[in-house]
Amino acid sequence: MSSKIKVLLVDDHAVVRAGFKLLLATAPDIEVIAEADRGEQAIQLYQQYLPDVIVLDLSMPGIGGLETIRRIVQRDEKVNILVFSVHDEQVYVNRALNAGAKGYITKNSAPEILPEAIKCIYQQKSYFEKNLLKEIDGKSSNIDYQSIMQKFSVREFDIFRLLAKGLTAHKIAAELCLGYKTVANYATQIKKKLHVSSIAELAHIAVMLGIMKH
């Protein structure tokens, strides 16, 4: 038993976690030892169980996946984190990498990819689903927005994404457990950095970069 790779699953959907567990149960050398439905809980469970690999979604309530990665990496820079997300857009892959993730696969990948990626990351290698890194050095008409957004803090990126989706500052404040004034200040900063004046323009940038599909 001690030779099994110990995994912490982090996803806010219980059904998704159950599916992951069933899939990983078919791998004799992998064992799911704990589950979390949000980042704050994941940080506590990581310190409690010290799993070999964390399999983590990016879209979660509370502090969210990217901030969770950043905080765990701050505590242990050798941590093995595999992002398992619905997002296959370059900006998400880049931000997960920058936060400290060792691998990134998407939820529409073939079932055998998950255990394969876990084993690879456990061996101190990085693992990225094919085609996810193909545009990292590519030049495009969006390069300015892309480079500006690479410098966004985790909080700025989360607020940008929610503003682009059409959420009001009050709703964002409630979702991220922040004050309304704090969110309004962030919104002003974000628009200034991207050289736009309206939420519609933010949404347009989000669609152009593939952060939002509409």
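Quick look at the values:
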item	result
Tally of residues being closer than 21 Å to M60 by Cβ and surrounded by fewer than 16 Cβ atoms within 10 Å (Cβ to Cβ) across the range 90-112	3
Long-range neighbours under 7 Å by Cβ, at least six apart or interchain, first residue closer than 19 Å to M149 by Cα within the range 176-191, second in a helix (DSSP H, G or I) and β-branched (V, I, T)	V183/I159; V183/I172; Y186/I159; A187/I159; I190/I159
Residue within the range 82-96 that is touching a helix residue (DSSP H, G or I) at 6+ places or on another chain (Cβ under 6 Å) and modelled with pLDDT of 95 or more present	yes
Checking E129 against (1) modelled with pLDDT of 90 or more; (2) within 11 Å of D88 (Cβ to Cβ), the condition it does not meet	(1)
Checklist (1) closer than 30 Å to K181 by Cα; (2) of a type outside the set (A, V, I, L, M); (3) at pLDDT 90 or above; (4) surrounded by fewer than 18 Cβ atoms within 10 Å (Cβ to Cβ) applied to D158, failing item	(4)
Wholly within the range 164-214, helices (runs of 4 or more DSSP H) carrying at least 2 residues that are among the aromatic types (F, W, Y)	180-194
Answer residue from the range 152-175, given it is within 20 Å of R70 (Cα to Cα) and touching a residue at least 40 places away in the same chain (Cβ under 8 Å) and is farthest from the chain's Cα centre (by Cα) among those	E175
The lone exception for N80 - which of (1) surrounded by fewer than 21 Cβ atoms within 10 Å (Cβ to Cβ); (2) over 22 Å from L176 (Cα atoms) it fails	(1)
Residue within the range 119-133 that is more than 22 Å from L209 (Cβ to Cβ) and among the hydrophobic types (A, V, I, L, M, F, W, C) present	yes
Scan of the range 1-12 for residues that are outside any strand (DSSP E or B), in contact (Cβ under 8 Å) with a residue 12 or more places away in the chain and out of contact with any Leu (no Cβ under 9 Å at 6 or more places or on another chain), ordered by number	M1, S3, K4, D12
Filtered residues of the range 34-75 (kept if of a type in the set (V, I, T) and either surrounded by fewer than 17 Cβ atoms within 10 Å (Cβ to Cβ) or not assigned by TED's automatic domain parsing to the domain that holds Y104 (or both))	V73
Members of the range 17-60 that are of a type in the set (A, V, I, L, M) and out of contact with any helix residue (DSSP H, G or I) (no Cβ under 8 Å at 6 or more places or on another chain)	A18, L22, A25, L45, L50
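The values are calculated or read from the model by the stated rules, or taken from the named source; none is laboratory data. Just so it is clear, the structure is predicted and the values come from calculations on it, not from any experiment. Cβ atoms come from the backbone with ideal geometry, glycine included; neighbour counts cover every protein chain shown.
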